[in-house]
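Asks: Structure provided below as structure tokens; questions to follow.
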Amino acid sequence: AIVEGDLAEAARQVPLSMEAAAAEGETVENVSLPPDLALLRAASPADDGRVVVVAYLQPDRLLRLFGRSELHRAWLVDARGRVVVHPDPELVLTRADQSTVSIVKSALEGKASRGAEEFVARSEAWLGAFARVPVGRLAVIIEVPRKEAFRATTELNRRSLLFGIGVIATALLASIYFSRRLSAPLRKLEETMEVVSRGDLGAEVPVTSNNEIGRLAEAFNRMTRELSVREALLMERNAQLVQSEKLSALGELSAGLAHEVKNPMVG
């Protein structure tokens, strides 16, 4: 479906130098005609360099092969850095020059036949890799946005951060809960000691556990019970002592009265 006029126009817009073709060997270049004809030209010189075989072909299969992917973008450039096949049809039809892109420079000018690097293009950071094609002096370029390449790592870091925050928050809440659970009996013990210090020796601390705090509360309750018993016994002894003092005073008064009455009577 290519007419002879299209081939003539392609040859006029992108002329082929027989000397360059003979010197460079097998080449493939983009000679597409806007707005809708994607066209490639392959040139292969004979061994003696006096004859160059030229073929024009439509890159339908290559366009399907280098179709757009959701994760990466693969494209093909010639020896001059011009787009041969690209997922973006506009770049193919306009024979876009990508020779200034860092990854393309590395593919065309570097000594290595393949490699990878990080570069900036179209105001965006990219990760790219290249590999030279042995036939046609072509280079395959594959690029992926850096943020897409590291999306999994970023998501893992975000989830790890959220998980860490969750663990810390849980540990904080647990520490507050257990600290309150541990300090509550101690505060109750302190309050009961205040009551005891004010004279209420019968006050006791409620025992709610069998751990060290519970055993301490039981010991404190035994102490308050013993103090209460001793206080009762002491009060009883004091009452007996007061009664004894009263009887002693009464005896002295009686003796004095008897002495005062006896003397006049004797007289």
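The values are calculated or read from the model by the stated rules, or taken from the named source; none is laboratory data. Keep in mind the model is a prediction, meaning the values are calculated, not measured. Note that each Cβ is placed from the backbone with ideal geometry, even for glycine, and that neighbours are counted across all protein chains shown. Accessible surface areas use protein heavy atoms only, side chains included; no ligands, DNA or RNA. Shrake-Rupley method; radii C 1.70, N 1.55, O 1.52, S 1.80 Å.
Asks: For segment 1-125, just list the percent of Cα-Cα distances falling in each 10 Å bin from zero outward, please.
Replies: Histogramming segment 1-125 at 10 Å steps yields 12, 38, 35, 13, 2 percent.
Asks: Oh, and also: With the convex hull built on the Cα atoms of segment 131-250, state its orientation-averaged projected area in nm².
Replies: 13.5 nm²
Asks: Could you let me know the centre-to-centre spacing of segment 10-44 and segment 79-120, using Cα atoms, in angstrom?
Replies: Centre-to-centre (Cα) distance: 17 Å.
Asks: Shape verdict for segment 198-267, please, from the Cα gyration tensor: rounded (a/c under 1.5), prolate (a/b greater than b/c) or oblate.
Replies: prolate
Asks: Name the shape class, rounded, prolate or oblate, that the alpha-carbon gyration tensor gives for segment 187-227, where a ≥ b ≥ c are the square roots of its eigenvalues, rounded holds for a/c under 1.5, and otherwise prolate holds if a/b is larger than b/c and oblate otherwise.
Replies: Cα axes put segment 187-227 in the oblate bin.
Asks: Continuing with the same structure: For the chain, state what percent of all Cα-Cα pairs lands in each successive 5 Å bin, counting from 0 Å until the bin that includes the largest distance.
Replies: 1, 5, 8, 9, 8, 7, 5, 4, 3, 3, 3, 2, 2, 3, 3, 3, 3, 3, 3, 3, 3, 3, 2, 2, 2, 2, 2, 1, 1, 1, 1, 1, 1, 0, 0, 0, 0
Asks: Compute a Gaussian network model of the chain, connecting alpha carbons closer than 10 Å, and tell me which residue from 133, 242, 207 fluctuates the most.
Replies: 242
Asks: Dividing the convex hull volume of the alpha carbon atoms of segment 1-59 by its residue count, what do you get in Å³ per residue?
Replies: 79 Å³
Asks: Same structure again: Rounding to the nearest 10 and keeping the result within 0 to 90°, find how far the Cα-based axis of helix 4-13 lies from the longest principal axis of the chain.
Replies: It works out to around 70 degrees.
Asks: For every helix of n ≥ 4 consecutive DSSP H residues, a contribution of -39,500 (n - 2.57) applies; sum these over the chain, divide by its total residues, and give [θ] at 222 nm rounded to the nearest 500 deg cm²/dmol.
Replies: -18000 deg cm²/dmol
Asks: Cα centroid distance between segment 151-165 and segment 182-198, in Å?
Replies: 47 Å
Asks: Another one. Could the peptides 109-119, 244-254 be put in order, highest first, of the mean number of other beta-carbon atoms found within 10 Å of their residues?
Replies: 109-119, 244-254
Asks: Rounded if a/c is under 1.5, else prolate if a/b is larger than b/c, else oblate: which is segment 94-142, with a ≥ b ≥ c the root eigenvalues of its Cα gyration tensor?
Replies: oblate
Asks: What GluC sites (Glu not before Pro) does segment 1-96 have in DSSP loop regions with at most 15 other beta carbons within 10 Å?
Replies: Of the GluC sites (Glu not before Pro), the ones in loops of segment 1-96 whose Cβ has at most 15 other Cβ atoms within 10 Å are 26, 70.
Asks: Let me ask something else. Mind checking the angle between helix 151-197 and the chain's longest principal axis? C-alpha axes, 0 to 90 degrees, to the nearest 10.
Replies: 0 degrees
Asks: Which order do you get for 220, 178 if you rank them by accessible area with a 1.4 Å probe, largest at the top?
Replies: So the residues, ranked largest to smallest area, are 178, 220.
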